Amino acid sequence: MTTAYTTDARFALHDDSSHPEHAGRLEAISRTLTSSGLAERLLPVTPRPATQDELLAVHAPEHLARIEATRGRARGRLEIDTYVTGHSDEIARLAAGSVLALVDTVLGGEAANGLAAVRPPGHHATPTRAMGFCLLNNVAVAARYAQRQHGLGRVAIVDIDVHHGNGTQDIFYSDPSVLFISTHQSPLYPGTGALGETGAGAGQGTTINVPLPPGVGDKGYHAVMERVITPALRRFAPELLFVSVGFDAHWADPLAQMALSLRGYDALMRQLAALAGELCEGRIVVVLEGGYHLGALANGWVNVVRALLDDADCADPLGPAGVGEPEIDSLIDRILNLHHLP
Ligand code: ZN
């Protein structure tokens, strides 16, 4: 089984060292991957910039123009949380395009699955707005590309970043061909992702939100995976599974209050990889979103590499959260009821 991997040193050109979403995040991943000895077992995929047409499949032209207008300018902000440098337009297009190159590799059969270590992240970017450190919605651009370029019908996106993937939700809210499932802390930025947001029109039922109270950890996430995500994916039967993974649901993350451990993350990723094996010939593409504790981020990401390579190992130098979890059984029951899941 071959696992494809894409990243690029140029992502560091989009940087603000005083911001949580800084270039050191991918540097930490790169160091940990190198010291793991796993890098040489991965098939490297050369990034390319996404084309205007590929981006216009999910973003409005005015949105692309606003980012393009920052080319060569001094560092500033597109909105309160989201900085841009003079290189950000180029780098955001490269981040989105590198996931497309990865999709080509997986759907072309050269690799069974793949990971994209990209920045800036994407899941808060809506069709028309940059938001929450995100400029272009990398995973959404890739999902649409898999459909248009490779002729896929049903594509699923599971978002396990601690924040709601509001941009991805917006892009596919009325689209029955893309199943979007998000687990996220609630309340937390950006405030969307309520239980009752289930899609619209023809897309009614293909958005599944799992808003979790602060403090949910390995046990609660495992229950969500077993009882909600697994039956929902089986019912939808995707031809390709994307995972938007953020490591900010780890207990050590400074931006949120969840309690996943690295072992908990590992269990989730292995279950998602197994579901891809069962449902779509193992085709799983994992795209990096958030994660702001560098140790949790880098070790968590390299554990995903191990999971996709089907290595049994899992590194958890940070250990468990060591606190009790809130009960979420009744929340899960409500979600199952709302979505007519068994
Ligand atoms: Zn996040």
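Pairs only if they're at least six apart or on different chains, beta carbon under 7 angstrom, first in region 263-277 and at negative phi, second β-branched (Val, Ile, Thr) and buried (at least 22 other Cβ atoms within 10 Å of the Cβ); list them, first residue then second. Correct list of pairs: Leu268/Ile160; Met269/Val304; Leu272/Val158; Leu272/Val243; Leu272/Ile284; Ala273/Ile284; Ala276/Ile284.
Could you tell me whether any residue of region 140-150 is farther than 19 Å from Thr6 by Cα and aromatic (Phe, Trp, Tyr)? Among the residues of region 140-150, not one is farther than 19 Å from Thr6 by Cα and aromatic (Phe, Trp, Tyr), which makes the answer no. Of everything in region 236-252 that is over 20 Å from Ala146 (Cα atoms) and not acidic (Asp, Glu), the residue that is nearest to the ligand (Cβ to nearest atom) is Gly246.
Total residues in region 156-210 satisfying the condition of being within 22 Å of His59 (Cβ to Cβ), among the hydrophobic types (A, V, I, L, M, F, W, C) and either part of a loop (DSSP other than H, G, I, E, B) or without any contact (Cβ under 8 Å) to a residue 12 or more places away in the chain (or both): the figure is 1. Of everything listed in (1) part of a helix (DSSP H, G or I); (2) surrounded by 17 or more Cβ atoms within 10 Å (Cβ to Cβ); (3) not hydroxyl-bearing (Ser, Thr, Tyr), the single unmet condition for Arg10 is (2). For region 123-134, the condition holds for no residue, the condition being that it is without any contact (Cβ under 8 Å) to a residue 24 or more places away in the chain, of a type outside the set (Asp, Glu) and surrounded by 17 or more Cβ atoms within 10 Å (Cβ to Cβ). In this structure, is Ala315 crowded, with 24+ Cβ neighbours inside 10 Å, away from the ligand (no atom under 16 Å from the Cβ), in contact (Cβ under 8 Å) with a residue 24 or more places away in the chain and not basic (Lys, Arg)? Taking the combined requirement at face value, the residue does not satisfy it.
When you scan region 117-140, how many residues do you find that are within 12 Å of the chain's Cα centre (by Cα) and away from the ligand (no atom under 16 Å from the Cβ)? Here the count works out to 0. Mind listing just one residue for me: the one in region 277-301 that is surrounded by fewer than 24 Cβ atoms within 10 Å (Cβ to Cβ) and hydrophobic (A, V, I, L, M, F, W, C) and, of those, farthest from Phe236 (Cα to Cα)? Out of the qualifying residues, it is Leu294. For region 148-205, a tally of residues being of a type in the set (Phe, Trp, Tyr) and within 17 Å of Met225 (Cβ to Cβ) returns 1. Scanning region 211-225 for residues that are part of a helix (DSSP H, G or I) and either of a type in the set (A, V, I, L, M, F, W, C) or buried (at least 24 other Cβ atoms within 10 Å of the Cβ) (or both) yields Gly220, Tyr221, Ala223, Val224, Met225.
Among the residues of region 321-342, those identified as of a type outside the set (A, V, I, L, M, F, W, C) and out of contact with any strand residue (DSSP E or B) (no Cβ under 8 Å at 6 or more places or on another chain) are Gly322, Gly324, Pro326, Glu327, Asp329, Ser330, Asp333, Arg334, Asn337, His340, Pro342.
Checked against the criteria, Ala146 counts as more than 14 Å from the ligand (Cβ to nearest atom) and surrounded by 23 or more Cβ atoms within 10 Å (Cβ to Cβ).
Exactly one residue among Gln204, Gln169, Gln185 is polar (S, T, N, Q) and within 13 Å of the ligand (Cβ to nearest atom), and that residue is Gln185. Of all residues in region 60-118, those that are among the hydroxyl-bearing types (Ser, Thr, Tyr), buried (at least 24 other Cβ atoms within 10 Å of the Cβ) and farther than 21 Å from Val302 by Cα total 1. When Gln257 is tested against (1) of a type outside the set (Gly, Ala, Ser); (2) surrounded by 19 or more Cβ atoms within 10 Å (Cβ to Cβ); (3) within 16 Å of the ligand (Cβ to nearest atom); (4) over 13 Å from the mean Cα position of the chain (by Cα), just one condition goes unmet, and that condition is (2). Ala267 meets each of the listed conditions (1) buried (at least 17 other Cβ atoms within 10 Å of the Cβ); (2) touching a Leu at 6+ places or on another chain (Cβ under 9 Å); (3) of a type in the set (Gly, Ala, Ser) apart from (2).
Every number here is computed from the coordinates shown, using simple stated rules; none is lab data. Note that the structure is predicted; figures quoted are calculated from it, not measured. Note that we place each Cβ from the backbone using ideal geometry, even for glycine, and neighbour counts take in every protein chain shown.
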